[in-house]
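Everything below concerns the one structure shown next.
The values are calculated or read from the model by the stated rules, or taken from the named source; none is laboratory data. Please read these numbers as outputs of a predicted model, since none were measured by experiment. Ideal geometry is used to build each Cβ from the backbone, glycine not excepted, and the neighbour counts take in all protein chains shown.
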Amino acid sequence: MTWDKDAGRDAQTLVRLMDVGLEVADPSDDLRGRSVVDRNGDEVGTVDGLIIDETERRARFLEVGSGGFLGLGEKRQLVPVEAITRVDDDVVHISAERSRVAGGPVYDPAVVPERRYYEEVYGYYDFPPFWGPLPR
């Protein structure tokens, strides 16, 4: 199946920033390493990585790590960038509550997700996929 009308705007173009030879143009815009807090100010975790649209060179998801100790037992979830409400020097604020993120689809960076997984993440946070509604 082709997606001519959505060329360049499909989940197939999503990659982890750290897995490709790209860098954030302005280092002050790099969210990796910043704390993530929910709408109540409760800490959710840390931005461990960014999932980008390699074609459009835009961030689409935050890879948020939480729990565990010294990286062991850490759980990772993707949060759509549409959930970001504010960015401070060291903190990324999101619209979801901590419990909502914790209950979200788990992300395993060792497995390349398929379009359906990204659709599930967008749906979980009540955002449409960046590529628009699915054709019927």
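Quick notes on this one:
- The set of residues in the range 79-136 being within 17 Å of residue 52 (Cα to Cα), of a type in the set (Lys, Arg) and free of Cβ contacts under 8 Å to residues at least 24 places away in the same chain consists of 116 alone.
- With respect to the conditions (1) modelled with pLDDT of 90 or more; (2) over 27 Å from residue 25 (Cα atoms); (3) more than 14 Å from the chain's Cα centre (by Cα), residue 67 lacks only one, and its number is (1).
- Given (1) at pLDDT below 95; (2) under 14 Å from the mean Cα position of the chain (by Cα), index of the condition residue 55 fails: (2)
- Tally, over the range 118-136, of residues that are at pLDDT 90 or above and in a loop (DSSP other than H, G, I, E, B): 5
- Residue, surrounded by the fewest Cβ atoms within 10 Å (Cβ to Cβ), within the range 85-117, restricted to residues that are touching a Lys or Arg at 6+ places or on another chain (Cβ under 8 Å) and in a strand (DSSP E or B): 106
- In the range 106-114, the count of residues that are at pLDDT 85 or above, out of contact with any helix residue (DSSP H, G or I) (no Cβ under 8 Å at 6 or more places or on another chain) and among the small types (Gly, Ala, Ser) is zero.
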